[in-house]
Amino acid sequence: EADAALRPLQDTSLGSLTMYVVPEASSLLPQGISIYVGKHRSALVRAGGGLDALRSRLQQLTQVMSFTASSITAALSDRVPDGQLGPDARRHLKSSLGYEITFSLLNPDPKSHAVDWDIEDAVNRYVQPVLDKLSLVANFSVDSQILYYAVLGVTPRFDKESSSFLLSAHSLPHVINPVEARLGSSAASLYPVLNFLLYVPERSHSPLYIQDKDGAPVSTNAFHSPRWGGIMIYNIEAPSSPQASLPLHVDVDMVRVMEVFLAQLRLLFGLSREELPPEFLLESPGNEGLADWELDRLLWAHTVENIATVSTTLTSLAQLLDKIGNIVIKDDVASEVYQAVASAQSAMAELAAGHLHSAFQASKEAVTSSERAFFDPSLLHLLYFPDDQKFAIYIPLFLPMAVPILLSLAKIVREARQRKKEPTKMD
């Protein structure tokens, strides 16, 4: 209630952060809680222990809610040596102007299971509020499909003790490739595709459970692949009587499924919450899926990554133009390069001033301009026509004509030398 009541009083601009210090004896915070982080852009900090203790708490809070050095390292993970990265640094998606989300229901045994899922209603109720919040970051499109006779490609192991089938952690990487060949969603996509698969095991392999590295069953019965998506295995209860007619009609519990998929979506965007001390209390983001300050951190990360991408693209373009000496650069290509440089400089200036939204928009414009310049059609054909290919094309044409010319020149040279050697006749 305090978090909602304080919201109209504070700066609501992107990237802002407001901290309220309450007395040590205040009953506003529960017992044992020193820091409360709301779902907007504010936090409550309990005073006590002197200024040094308060300063330490404020620094802790900044590390959680704001953009830090570790965030920069994660945003630039593709350009940082492996030794300087943590184990999860390259797990989140790279910055893009858009993303395509595909929900797929895999039914490998339609003769036994008639599976019905209300994916449209589930997307509208659970996914769309999150995408509305993320619309500042990128454009999103959502589609769904049902694939029949699509198997995982890995034979699970039967466990006699539990009378179930098990997928071990080391076999999970081999599950994705056979399934991805059936999806077909990334073939014609301009943007990264996020795949969320709900797999209903065939009757001969039911029930099917996923084991972690320690051999314990995974509570969600799901796993996610960095920068790709996630797969959830949805077991169906066996019919009470063996004479039950087939196929069995199954209504999928979309609440349970969407809880898993939304958690995986947060992991893909690097929004997973770290382990915090027990004195921290974080407010749940609710139906929106992410808090306002988490959105700010995501915008910070994508802005920094966009600026680095522009720098890399323009550097590669400059190196290419240096290698091709006779290249002709059109005015529109030059203007795109100038626009990319100006937008990148503007993005860095806006970041330094703390204007997060304008900095992110400028970084997106810089990326767009640099990509247009690099992939301009007038430059593309020169990439595949270097000087050595010119020699390979023209030498067969000129060599037949050059042979008689060279022989004639050699004959002329020989005759000239012979004339010099002959004595001059004297009258």
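I need a count of the residues in region 211-222 that are in contact with a helix residue (DSSP H, G or I) (Cβ under 8 Å, 6 or more places away or on another chain) and in a strand (DSSP E or B). It would help to see each step written out before you state the result.
If we filter region 211-222 for residues that are in contact with a helix residue (DSSP H, G or I) (Cβ under 8 Å, 6 or more places away or on another chain), which is where we start, we get 211-213, 220, 222.
From the residues that got through so far, the ones that are in a strand (DSSP E or B) too are 211, 222.
Adding up the residues that qualify gives 2.
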Checklist entry - Is there a residue being open to solvent by 20 Å² or more (accessible area, probe 1.4 Å), of a type outside the set (Gly, Ala, Ser), under 30 Å from Gln31 (Cβ atoms) and in a helix (DSSP H, G or I) anywhere in region 295-309? => result yes
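Counting only residues that are outside any helix (DSSP H, G or I) and either aromatic (Phe, Trp, Tyr) or touching an Asp or Glu at 6+ places or on another chain (Cβ under 7 Å) (or both), how many does region 253-284 have?
Final tally of qualifying residues: 4.
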Checklist entry - Which numbered condition trips up Val328, out of (1) of a type in the set (A, V, I, L, M); (2) surrounded by 14 or more Cβ atoms within 10 Å (Cβ to Cβ); (3) not in a helix (DSSP H, G or I)? => result (2)
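Being closer than 24 Å to Leu54 by Cα and touching a helix residue (DSSP H, G or I) at 6+ places or on another chain (Cβ under 8 Å) is the filter; apply it to region 249-281 and report the residue that is modelled with the lowest pLDDT. Before the answer, list the steps.
Residues of region 249-281 that are closer than 24 Å to Leu54 by Cα, as a first pass: 273-281.
Retained after the next criterion (residues that are touching a helix residue (DSSP H, G or I) at 6+ places or on another chain (Cβ under 8 Å)): 274, 276-277, 280.
Values: Glu274: 70, Leu276: 78, Pro277: 79, Phe280: 83.
Filtering first and then ranking leaves Glu274.
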Checklist entry - Which one of Asp116, Asp109 is closer than 25 Å to Leu248 by Cα, touching an Asp or Glu at 6+ places or on another chain (Cβ under 7 Å) and surrounded by fewer than 19 Cβ atoms within 10 Å (Cβ to Cβ)? => result Asp116
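Which of the strands (runs of 3 or more DSSP E) contained wholly in region 153-207 include at least 2 residues that are open to solvent by 90 Å² or more (accessible area, probe 1.4 Å)?
Values: elements: 157-159, 164-167, 193-199.
Ranges flagged: 157-159.
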Checklist entry - Does region 300-308 contain at least one residue that is out of contact with any strand residue (DSSP E or B) (no Cβ under 7 Å at 6 or more places or on another chain), of a type in the set (A, V, I, L, M, F, W, C), at pLDDT 85 or above and within 30 Å of Arg46 (Cα to Cα)? => result yes
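Condition check: over 15 Å from Leu198 (Cα atoms), in the same structural domain as His224 (by the TED database) and open to solvent by less than 50 Å² (accessible area, probe 1.4 Å). Does Ser104 satisfy that? So that I can check it myself, show each step before the final result.
On the way: over 15 Å from Leu198 (Cα atoms): no; in the same structural domain as His224 (by the TED database): yes; open to solvent by less than 50 Å² (accessible area, probe 1.4 Å): yes.
Here the answer is no, as Ser104 does not meet what is asked.
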Next on the checklist: When you check Thr73 against the structure, is it within 17 Å of Phe280 (Cα to Cα), modelled with pLDDT under 85 and not in a loop (DSSP other than H, G, I, E, B), yes or no?
Outcome noted: no
Next on the checklist: Can you pull out every residue in region 21-65 that is in contact with a helix residue (DSSP H, G or I) (Cβ under 7 Å, 6 or more places away or on another chain) and of a type in the set (Ser, Thr, Tyr)?
Outcome noted: Ser34, Ser42
Next on the checklist: Go through region 366-394 and report how many residues are buried (at least 19 other Cβ atoms within 10 Å of the Cβ) and either closer than 30 Å to Asp11 by Cα or at pLDDT below 85 (or both).
Outcome noted: 3
Checklist outcome for this item: Out of (1) in a loop (DSSP other than H, G, I, E, B); (2) of a type in the set (A, V, I, L, M, F, W, C); (3) out of contact with any strand residue (DSSP E or B) (no Cβ under 6 Å at 6 or more places or on another chain); (4) surrounded by 15 or more Cβ atoms within 10 Å (Cβ to Cβ), the one Ile236 does not meet is (3)
Checklist outcome for this item: The lone condition Ala353 fails out of (1) in contact with a helix residue (DSSP H, G or I) (Cβ under 6 Å, 6 or more places away or on another chain); (2) without any contact (Cβ under 8 Å) to a residue 12 or more places away in the chain is (1)
Checklist entry - Name the residues in region 24-79 that are within 30 Å of Thr312 (Cα to Cα) and open to solvent by 60 Å² or more (accessible area, probe 1.4 Å), would you? => result Gln63, Ala69, Ser70, Ile72, Asp78, Arg79
Checklist outcome for this item: The number of residues in region 92-128 that are in contact with a Leu (Cβ under 7 Å, 6 or more places away or on another chain), within 24 Å of Pro226 (Cα to Cα) and in a loop (DSSP other than H, G, I, E, B) is 2
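The values are calculated or read from the model by the stated rules, or taken from the named source; none is laboratory data. Quick caveat, the model's predicted, so the values are computed rather than measured. Cβ: placed from backbone, ideal geometry, glycine included. Neighbour counts: every protein chain shown. Just the protein is used for accessible areas: all its heavy atoms, side chains included, with ligands, DNA and RNA removed. Shrake-Rupley method; radii C 1.70, N 1.55, O 1.52, S 1.80 Å.
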